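Novice: Have a look at the structure that comes next, please.
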Amino acid sequence: MFIIKNEIDQFTEKDIFVGLKRKKNNKLAKLILFWIELHRKSVNEKSDETSVGLQSTKEMELEHLMPQTWETEPAWSDLPYLDENGNKITDPEEGKKHRKEVILSLGNMTILRKKLNSSISNASFFEKINGKQGAKKRIEGIRDCAKFSITTEIIPNENTKKEDYLWNEKTIYEREKKLGHEILTIWPIIE
């Protein structure tokens, strides 16, 4: 136990944020997001909806908001490449490499019901949030179905114009920082 404590004591805030950028398997990312959600429910005195927070993780899937197949989807491949400050990356190869890394960060992930996840997986951000018209019926979006604060927090105001629905590297970095600070509040391993 002493060895583990010494290892934990060597972590810095920078280490945590670097870790959030690294590729993690989907189960681990889903578990981290689920734990954050459970913590939020436990500290929210107004929440009497504990059953939502205690749903089985088997009923949920990890959603990459900017899809891993972004290169094949015009709604995503046409977006300019941005750095963490929102500045354009002009070199296409550098931009692609950077975007592939950002897509795998915790800031680009949320948890959804399996059924919803499969129906909106590669849609534009606007369609992911608001749904879309399918061949036979309307397909629900995140706005219709999300119960978790970890997911509802990414939903723009209903009055937001379609062209203002932004989900790009800059918004991913901003969310990643917010989640990182929240993780450090929940698990204060750094003094």
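Novice: Do we find that ALA123 is part of a loop (DSSP other than H, G, I, E, B) and open to solvent by less than 20 Å² (accessible area, probe 1.4 Å) in this structure?
Specialist: yes
Novice: Something else about it: List pairs: first residue in region 100-117 and over 11 Å from MET66 (Cβ atoms), second residue of a type in the set (Ser, Thr, Tyr) and at pLDDT 90 or above anywhere in the structure, Cβ distance under 8 angstrom, at least six positions apart or on different chains.
Specialist: Qualifying pairs under 8 Å: THR110/THR151; ILE111/THR151; LEU112/THR151.
Rundown of residues vs (1) in contact with a His (Cβ under 6 Å, 6 or more places away or on another chain); (2) loosely packed, with under 15 Cβ neighbours inside 10 Å; (3) modelled with pLDDT of 85 or more, yes/no style:
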residue	(1), (2), (3)
ARG22	no, yes, no
ILE36	no, no, yes
GLY53	no, no, no
GLN68	no, yes, yes
GLU71	no, yes, yes
GLU101	no, yes, yes
LYS114	no, yes, no
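Novice: Another question, if that's okay. Take LYS147 and decide whether it is in a loop (DSSP other than H, G, I, E, B), over 30 Å from LYS88 (Cβ atoms) and either open to solvent by less than 20 Å² (accessible area, probe 1.4 Å) or at pLDDT 85 or above (or both).
Specialist: No, not satisfied.
Novice: Could you please give the count of residues in region 150-184 that are open to solvent by 80 Å² or more (accessible area, probe 1.4 Å), touching a Phe, Trp or Tyr at 6+ places or on another chain (Cβ under 8 Å) and either free of Cβ contacts under 8 Å to residues at least 40 places away in the same chain or aromatic (Phe, Trp, Tyr) (or both)?
Specialist: 1
The values are calculated or read from the model by the stated rules, or taken from the named source; none is laboratory data. Here the structure is a predicted model, which means the values were calculated and not measured. So basically every Cβ, Gly included, is an ideal-geometry build from the backbone, and we count neighbours across all protein chains shown. For accessibility, only protein heavy atoms count, side chains too; no ligands or nucleic acids. Shrake-Rupley method; radii C 1.70, N 1.55, O 1.52, S 1.80 Å.
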